[in-house]
1. Residue by residue, what Karplus-based ³J(HN,Hα) values in Hz, rounded to whole numbers, does segment 129-144 have, using 6.51, -1.76 and 1.60 with θ = phi - 60° and x for Gly and Pro?
2. What is the packing order of peptides 121-128, 40-47, 90-97, taking the mean over residues of other C-beta atoms within 10 Å and listing the highest first?
3. Cα-based Rg of the chain per 2.2 N^0.38 Å, rounded to two decimals?
4. For the chain, find the longest principal axis of its Cα atoms and tell me its angle to the long axis of helix 154-164, 0 to 90°, nearest 10.
5. In segment 87-185, what GluC sites (Glu not before Pro) fall in a loop by DSSP, with at most 15 other Cβ atoms inside 10 Å?
6. So what is the relative contact order for the chain, in percent, with contacts set as C-alpha pairs under 8 Å and at least six apart?
7. Based on Cβ point charges of +1 for Lys and Arg and -1 for Asp and Glu, what charge dipole magnitude is obtained for the chain about its Cα centre, in debye rounded to the nearest 20?
8. Please go through segment 120-162 and write out the trypsin sites (Lys or Arg not before Pro) that DSSP classes as loop and that have at most 11 other C-beta atoms within 10 Å.
Amino acid sequence: MNSAQPSREEAWELLTEYNKSSSLIAHAITVESVMRHFAEKFGEDPDKWGVIGLIHDLDYEQYPDQHCQKTEEILRSNNWPEEYIRAVVSHGYGIVTDVKPESLLEKTLYTIDELTGLVAAAALVRPSKSVMDLKAKSVKKKWKDKHFAAGVDREIIENGCRMLDMELSDVIAETISGMKPVAEEIGLKGEAG
């Protein structure tokens, strides 16, 4: 591949080469959809943002102890553009990398990556088991319960909201909207929709 804009097909091939876990693939599809949604909201390129969202956890299944570093290696060996590589690496800022999110794309990925997990967990405990009828205020209620989705790092999401200069409620609402187009594919259509 040349360093032109990678296609979704190229991203999907890499993702499925390195990841067999259905939950990791569902997470990648979720983040892709939410990134596309935010790109459209911000007047940016949804294809580019989506591809970066799809590929962001490329190395997580096989190399969890080298998260982001192995993705950088893999993408570089496949001649991916530096901008894409940097964006993917920056989502691990403060956890596994010291590459700080700077562009709007990077800040968005950093913020919504963790948040999609909280939104998915909040959807699954609803009677409908669906993201289709989920409201931001329901997620905010769950947010306050530190035992709920305890693996979700709320501090990262709060830092990301500050980076984006957006209110948490608004970021949650946009993330829910971004997950709806893939609700069936990621198992969150439930009884609603």
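1. These are the phi-based 3J(HN,Hα) values: 6, 9, 8, 5, 10, 7, 10, 4, 5, 5, 5, 4, 4, 5, 3, 5 Hz.
2. Working: 121-128: 16.9, 40-47: 13.8, 90-97: 18.8.
The densest-packed peptide leads the list: 90-97, 121-128, 40-47.
3. On the way: Rg = 15.7 Å, N = 193, 2.2 N^0.38 = 16.3 Å.
That works out to 0.97 for the chain.
4. Orientation of helix 154-164: about 70 degrees from the principal axis.
5. Numbers: sites: Glu102, Glu106, Glu114, Glu155, Glu158, Glu167, Glu174, Glu184, Glu185; in loops: Glu102, Glu167, Glu184, Glu185.
Listed in order of number, the matching sites are Glu102, Glu167, Glu184, Glu185.
6. On the way: 296 pairs, mean separation 44.3, N = 193.
This gives 23 percent for the chain.
7. Numbers: 23 positive and 34 negative charges, 204 e Å.
Charge dipole, the chain, about its Cα centre: 980 debye, nearest 20.
8. Details: sites: Lys129, Lys135, Lys137, Lys140, Lys141, Lys142, Lys144, Lys146, Arg154, Arg162; in loops: Lys129, Lys135, Lys146.
Here the sparse-neighbourhood loop sites are Lys146.
FYI, it's all coordinate maths here, none of it is from the lab. In this text, all values refer to a predicted model and were calculated from it rather than measured experimentally. Positions of Cβ are backbone-derived with ideal geometry, glycine not excepted, and every protein chain shown enters the neighbour counts.
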